[in-house]
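A.B. asks: Here's a structure for you.
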Amino acid sequence: MKARCALAGVGDDFSAHSLRSGFVTEAGRQNMPLQETMAMTGHRSMDVVTGYFRAGAAQVSAVARMMDSGTPRSDVDEGHP
């Protein structure tokens, strides 16, 4: 992993776990279907792959906003609370 990080020109403080978590988190934020994410990561369990998702304290996903407010998805996508 350290050699790949060096080739990419990034610090060596990354691990396979942190990169996997970053990928799953970004896929979720980009609304990639979970099945596609699982196909790319090789996970067969939804519980395991969703365990890698990390929502930032300042960034709340559209799904979390919908669950908190009961707002229909189309309103969330348009930026309404």
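Rule-based calculations on the coordinates, nothing more; no lab input. Keep in mind it's a predicted model, so treat the numbers as computed, not measured. Using ideal geometry, Cβ is built from the backbone for each residue, glycine included, and neighbour counts are taken over all protein chains shown.
A.B. asks: Mind listing P(r) for region 2-55? All alpha-carbon pairs, 5 Å bins, whole percents.
C.D. replies: 4, 20, 28, 19, 14, 12, 3
A.B. asks: Arranged from highest to lowest average of other beta-carbon atoms within 10 Å per residue, in what order do the peptides 42-51, 24-33, 3-12 appear?
C.D. replies: With the highest mean Cβ count within 10 Å placed first, the list reads 24-33, 42-51, 3-12.
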